[in-house]
1. From the phi angles alone, apply the Karplus equation (6.51, -1.76, 1.60; θ = phi - 60°) to segment 146-161 and give each ³J(HN,Hα) in whole Hz, x where the residue is Gly or Pro.
2. If packing is taken as the average number of other Cβ atoms within 10 Å across a peptide's residues, how do 94-102, 45-53 rank, most packed first?
3. Would you pull out the residues with amide H under 5 Å of D79's amide H, same chain only if 5 or more places away, H placed 1.01 Å from N?
4. Past the 18 Å Cα-Cα mark, which pairs from K51/K116; K51/K157; K63/K142?
5. If you project the alpha carbons of the chain onto their three principal axes, what span does each projection cover, largest first, in Å?
6. Taking the Cα centre of the chain as origin and charging only Cβ (+1 Lys, Arg; -1 Asp, Glu), how large is the dipole, in debye to the nearest 20?
7. By how many degrees, 0 to 90 and rounded to 10, does the Cα axis of helix 2-21 deviate from the longest principal axis of the chain?
8. Between segment 104-183 and segment 25-65, how many Å separate their Cα centres?
Amino acid sequence: MRTRVFAVPAIVLLLGLTSYAQPKQAELSKKESWMTYGMTHPLHHIEATSKDVVYHVDIDVAKKEILNVSADVDVTTFDSGNSNRDSHAMEVIDAIDYPEASFAGSSVTQIGDSLKIAGKMNFHGVTHDIVMMALPRWTSDKLEVTGQFDLSLTAFKIERPSLLLIPVEDALRFTFAVVFVLR
C-alpha cells in the first residue's frame, strides 16, 4: 500500500516533465514580423515588404531549440510603395494563378550562433529545395529570428522583367524578421 502512495506523485511528476519537454508551437507576433524582397536592376534597386506572412515554429523551450519552421504568404501583400510597380510585379509572377508562396522546413541545424534551415519552397507553382541562414535571439518571453535567402526567378519559371531591354538580376533576395511570443 505504501508503494502505491509514492507511485502516484512520481507518475504525476514524470508526466509533467514529459509534457514540459515536448515541442510546442509559439505564438507569432504579426505586428513585429515582416518579410522583404529585393530585386536589382543595373539602374535601380526595388524592395517590397509584407507584414502578412504567417510563420509557424515548433520549439523546445527548455533547450532553446527550434525544431521545425514553415511560412505562408499571399504574394499580393508585398508593398514597394509604388502601386504601378507592385501591379506589374504581380503580373510577372502570375499572382492571379499563383497567389500563395509557402515554405515547409525539413531540417533546422544549429551552427554556432546561427541556424541552417532547409526545406521546400513552393512559389509560382514550382517547388524547389532551398537552404537559408538565420540568427535566433532568445529572451525570457520572446524568440526573434532574422535571416535571408535568395530565390532564382528562372528556377521558378518566372521571366525576368526588363527595363530598357536590360533584365533584372535573376536572384530575388529575401530578408525576414520574425518574433514569437513564448508562453
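A short reminder: the numbers here are calculations on the coordinates, not readings from a lab. Worth saying up front: this structure is predicted, and the values here are computed from it rather than measured. Every residue, glycine as well, gets a Cβ built from its backbone with ideal geometry; the counts of neighbours run over all protein chains shown.
1. With the stated coefficients, segment 146-161 comes to 10, x, 7, 7, 10, 10, 8, 4, 5, 5, 9, 6, 10, 6, 5, x Hz.
2. On the way: 94-102: 14.6, 45-53: 16.7.
Output ranking for 94-102, 45-53: 45-53, 94-102.
3. Excluding prolines and chain starts, which carry no amide H, the hits are T49, S50.
4. Working: K51/K116 23 Å; K51/K157 26 Å; K63/K142 14 Å.
Beyond 18 Å between Cα atoms: K51/K116; K51/K157.
5. 87, 33, 28
6. Numbers: 17 positive and 23 negative charges, 234 e Å.
Dipole of the chain, to the nearest 20 debye: 1120 debye.
7. So the helix axis and the longest Cα principal axis differ by about 10 degrees.
8. Cα centres, segment 104-183 to segment 25-65: 8 Å.
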